[in-house]
Amino acid sequence: MSEAPYLVIMAGGSGTRFWPKSTAKKPKQLLSFGSSNDTLLGTTLKRFDGLSPEDRRVIVTTQSLAAATKEAVGPATHVLSEPMGRNTAPCVYWAARWVAERDPKAVMMVMPADHHMASVKDFRATLERAVRWATEHDDLVTLGIQPSRPETGYGYLKLGNEVSKGPCRKVQAFVEKPDRARAEAYVASGEYLWNGGMFLWRAETILKAFDSLMPEMKREWDAAKGDVSAAYPRMTATSIDYGIMEKAPNVVTFPLDCGWDDLGSWISLETTTLPGVARGPAGVVAGGEVFAVESSGNVIDAPGRVVALLGVKDLVVVEHNGVLMILPKSRTQDVKLVLDQVKAARPEKA
C-alpha cells in the first residue's frame, strides 16, 4: 500500500463566465473573491494539507498558464503544462502515466482547481473514505454531490446498488444536464447525485481502463515515446466522463454533502459563503461600495468603485481591468457572447 495519495489538480480552464475578472492570462483558478487573499487554486490545495504532501501533488495546466501557476503554488508542487488543450481525458492520462512511473499502485485524487466547499471537514471525511476504497478495490471512484436543488446546469449520476455497508454505491449511469421537470424528478427520487467531476483511483486502475476503452491513448503515447508535444496532437480530445466513466463497468460513488458549489458563473456568489462576500438589501456584494434605492437581487463586484443602483433588480454589475459589464442574472451563462466581440476588438481586455 502506498504511503499517501497523489493529488492531481486539473487547472487548464479559462473560466470565461467570470469575465471581466477572469481573463485568458489570469483565469478563474488564479483569482480570489471577496476579502480572501487566497486564490481559488490555493484554497483547493489547502484542503489536502496533511493528506497529500507537496511532493505528491501535480497540477496539469496549459503552457500559457504554466508560469503563473508555478508562481501561485510554489516550487514543491509539480506542474505539467499541456502543449494544447485536449479536454480532460488526455490530461488525466498524462497525469496517470506520471504517477505510475513513481508508484503504479498509488491512489490518485483527481480534482478541479476552483470549486467551493463550505465544510472542509465534511469534504475531508468523505474523501478519506473514498481514498481507502480506491486503495483496496479495483474501482473508479467519483464523489457525487448531494443535490440541494433541482439544478439544470449540472450532469447527474444515477445511483445503483449499495456495494458496502457504508455509503458507497454503484453508478448506474451518467446523465446529461436535464430540463427543469426531469431535474425536479431526479432530486425528489433521492436516487441521483450531481456529477462534481472529482475522481479517485489507483494509477494502474485508470490506465487499465484507458487500455480497454481508449486504447489509442497508449498507442499514441508509446509511438511518441512519452514525448508529450508529439503525443498530444494525436490523442483523442474528449472528456474523462465520456471517454471512460460513462462506459466503465466498475464505477462507484461516495455521496458528498459539504456545501459544494462549482463557482460556474457570477450568480454562484449568491449560494456560497466566500469570505468578505456580503449580503444586503441590494443583493450580493463581492467588491465595491454600494448605494441602492429600490434595488434588490443584484450581484456586484467592483473593487474600489462606488456603485449606485436605482430601481434595478436581478442584475450582475462587474468592473475589473477597466471593463464594466452589466447583464441580467438570467444571462450569466452567455457571457461568452459579448466576450467574443471584446476579443476581436480589444484582445488585451479578454
* Selected residue (only one of Arg102, Arg97 is touching a Leu at 6+ places or on another chain (Cβ under 8 Å) and either in the same structural domain as Arg129 (by TED's automatic domain parsing) or free of Cβ contacts under 8 Å to residues at least 12 places away in the same chain (or both)) -> Arg97
* Search result, residues across the range 158-173 that are among the charged types (D, E, K, R) and part of a loop (DSSP other than H, G, I, E, B) -> Lys165
* the range 250-268: number of residues that are modelled with pLDDT of 95 or more and acidic (Asp, Glu) -> 1
* Could you please find all residues in the range 7-40 being of a type in the set (A, V, I, L, M, F, W, C), within 18 Å of Met117 (Cβ to Cβ) and surrounded by fewer than 23 Cβ atoms within 10 Å (Cβ to Cβ)? => Met10, Leu31
* Asked: What number of residues within the range 313-326 satisfy the criterion of being surrounded by 18 or more Cβ atoms within 10 Å (Cβ to Cβ) and either part of a loop (DSSP other than H, G, I, E, B) or at pLDDT below 95 (or both)?
  -> 0
* To do: Determine whether Lys336 is loosely packed, with under 14 Cβ neighbours inside 10 Å, out of contact with any strand residue (DSSP E or B) (no Cβ under 8 Å at 6 or more places or on another chain) and among the basic types (Lys, Arg).
  => yes
* Structure fact -> Within the range 221-278, restricting to residues that are among the acidic types (Asp, Glu) and part of a helix (DSSP H, G or I), the one that is surrounded by the fewest Cβ atoms within 10 Å (Cβ to Cβ) is Asp222
* Asked: Are there any helices (runs of 4 or more DSSP H) wholly within the range 47-157 with 3 or more residues that are surrounded by fewer than 16 Cβ atoms within 10 Å (Cβ to Cβ), and if so which?
  -> 63-73, 120-136
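The values are calculated or read from the model by the stated rules, or taken from the named source; none is laboratory data. Values in this document were obtained by computation on a predicted structure and should not be read as measured data. Positions of Cβ are generated from backbone atoms using ideal geometry, with glycine treated the same way; all protein chains shown enter the neighbour counts.
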